[in-house]
Every structure is written in structure tokens, then in C-alpha cells.
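Working notes for the structure below.
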Amino acid sequence: MSVFSKRHLYAAAIALGCSVSSVQAQSATSDAATTERLMQRLGALAADSMEGRRAGTPGSVRARAYLVRELTAMGAKPIGSSFVVPVTLRARAGSDTAGANIVARIPGKNSRGPVLVLSAHYDHLGVRNSVVFNGADDDASGCVALLTIAERLLREPPEHDVILAFFDAEESGMVGSKAFVNAPPVALARVAMNINLDMVARQDGKALWVSGTSHTPSLKPIAEQAATNAAVTIRFGHDTKNLKPGDDWTGSSDHSAFHTKGIPFLYLGVEDHDDYHQSGDDADKVDPVFYRGTVEFAYALVRAADAKLNSVTRSRK
Ligand SMILES: [Zn+2]
């Protein structure tokens, strides 16, 4: 990857005492380090040792521990007494019935107003016929994006509280997100919107979709503003009923639980690709430059939405 080699070039130049502008070298180094950290985390959460993170399995418990460790290390705090919020799963052969969402709160400058829920799901399909389904794109990519965004929000606090929700059991009927909206950590009336990230790493379709503005048109200028400097192509759509089956993504991931409660959402995701729900959904199939671009856009979107959170209007269903 060009970013990595550039970093090494700068590092070598500095070691040799060459006259590379130190500011330029520093920003290139931190830029490459950010991408490297992103890919390192993606590799960790989508590792074979996580056994596909299927809800109710030991691999899921390991993934949970990883997320809690990362959140703790960056100084994030749970919203209640623990990051781990138990969720009851439907009984299934070979699985435990105990699942859990991981929930954290990034305090805003004004902690009494509306809140934004930023979400991704950490579960995936598990192991089938001794083959591990790693789900690097689906949805380790969204979870790692959340960790990256959380680190920045902790350094530069948002205006409003941001609740981070790493949902369990999306793949088994969005159990985690439904449990969240049915027993929310703050009154649902305070939840101004949900930004949900599910499959944000794969470059195959050469674009990241923003879905949900047809339901809440006031969110479109906010997303357009965030897209102004995006390094990846941002497209709007996949949120109207006139599309062919499967192309309306309104009910396709955890944002659906919020939508059902009348809470505006923006869903970020890529088109399905050849490795979607296949054992080949691995971290090494991800182009770090594309993935970095989608994460940067997601961060810009969170900032833009936070700045305008008071003006997001709910359409009561
Ligand atoms: Zn997913």
C-alpha cells in the first residue's frame, strides 16, 4: 500500500537526518498510523480465534471482551454499571441463550439535550462445517469504525451525548437492536437519530451508500455537507419502496429497530459483494485506502449530525 511505503520513506528520511519538513512527515506518519491501526483492529475482530462471533458462542464472548478492552483503554465509559448489557437470545441448538450488547456513552458538552446513537453489530455467522465465517466487512468493519470515531470524540467532545451501541445477534433477527429500543438506556424521546454502520469496508462497488434520507429529508443536507470532502464516492438511496426486492435497505440492519420507533436513521453500507455471508469475508480482502475513506466520512457525518441534532425532526409513525 502506498500509504505504508510513504510512511517508511519519511521514517527513513528522519532517521538519516534528511530535510523532510517535520510537519509534513509527522502528519503523513499519523495518517498512515491511523490506517494501520484500523486494519490491525479489523484483523483482530475478524480473526479465526473469534470463531465468526455468532451470538451465544464462546467466540462472541471473546469479541465482546475485545471491544470492552478497546473501549476501556481509550477511556470510554459505560452508560450504566457495565459496558455489557445482557440480551436474551432465542434458544438454538449448540448456543447459549445469553447474548449481550456493548453500550458506551461519550459525554457531549450539553448532556441534557437530544442524543445520537451510533451503532454497528459485532456478531456474525460463526462456524459452519468447520469453516470460520469471519465477517470482516459484516460487520467487524462497522465496529472498528465505531472504535475509531469514539477515540476522536473523546479527544474533541461532541455537542450532544453520543451513545455507542455494538449490537449482538443482528444476524439472528436483529435481536440486540430490538432489545435496545425496547429497554433504552435513555428515554427514547431523547434519541434524535441513529447512525448505523453495517458493511463499510469493501471496495467492490466503489461507493458507500447513505440510506434513510427519503424517510427523513432534513438529514440529506447534513449528509451532503459531510460528503463534501469525502475520499470515497457517496451515494444516496436504497430507501424507497419502488425498488426491486432486496434493494430497499430500510429493514436490512439494526437501523430498522429505530425506524420502527419513529426515530430518524442514516444507514451507511456498501452493496453486497461476492463474499457477502461467505467464508471469504476476510480482512485481507479489504482495501485499506477505501476503508479509511468510509471511516473518515462516517466521522464527518457524526460531527455534522451532532452540530445539527436539534433540527432533526422525527416523523412519528
Ligand atoms: Zn451485517
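The values are calculated or read from the model by the stated rules, or taken from the named source; none is laboratory data. These numbers were taken from a predicted model, which means no experiment stands behind them. Note that each Cβ is placed from the backbone with ideal geometry, even for glycine, and that neighbours are counted across all protein chains shown. The accessibility values were calculated without ligands, DNA or RNA, using every heavy atom of the protein model including side chains. Shrake-Rupley method; radii C 1.70, N 1.55, O 1.52, S 1.80 Å.
Summary of computed values
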read-out: Criterion (over 15 Å from PHE258 (Cβ atoms), open to solvent by less than 30 Å² (accessible area, probe 1.4 Å) and either among the small types (Gly, Ala, Ser) or touching a strand residue (DSSP E or B) at 6+ places or on another chain (Cβ under 9 Å) (or both)) met by exactly one of SER141, SER172; value: SER141
read-out: The range 85-104, subset buried (at least 20 other Cβ atoms within 10 Å of the Cβ) and among the hydrophobic types (A, V, I, L, M, F, W, C), residue farthest from VAL117 (Cα to Cα); value: LEU89
read-out: Residue among ASP282, ASP272, ASP254 that alone is closer than 18 Å to GLY142 by Cβ, open to solvent by 50 Å² or more (accessible area, probe 1.4 Å) and either out of contact with any Lys or Arg (no Cβ under 7 Å at 6 or more places or on another chain) or of a type in the set (Phe, Trp, Tyr) (or both); value: ASP272
read-out: Some residue of the range 83-90 being assigned by TED's automatic domain parsing to the domain that holds ALA298, closer than 14 Å to ILE163 by Cβ and in contact with a strand residue (DSSP E or B) (Cβ under 6 Å, 6 or more places away or on another chain); value: yes
read-out: Residue among ALA100, ALA104, ALA150 that is at pLDDT 95 or above, in a strand (DSSP E or B) and within 14 Å of the chain's Cα centre (by Cα); value: ALA104
read-out: Residue check, SER5 open to solvent by 50 Å² or more (accessible area, probe 1.4 Å) and at pLDDT below 95; value: yes
read-out: Residue under evaluation SER111, criteria (1) polar (S, T, N, Q); (2) over 26 Å from GLN40 (Cβ atoms); (3) surrounded by 14 or more Cβ atoms within 10 Å (Cβ to Cβ), criterion not met; value: (3)
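Condition check ((1) of a type outside the set (Gly, Ala, Ser); (2) away from the ligand (no atom under 16 Å from the Cβ)) across all residues:
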site	(1), (2)
HIS124	yes, no
VAL127	yes, yes
GLY142	no, no
LEU147	yes, yes
PRO185	yes, yes
ALA192	no, yes
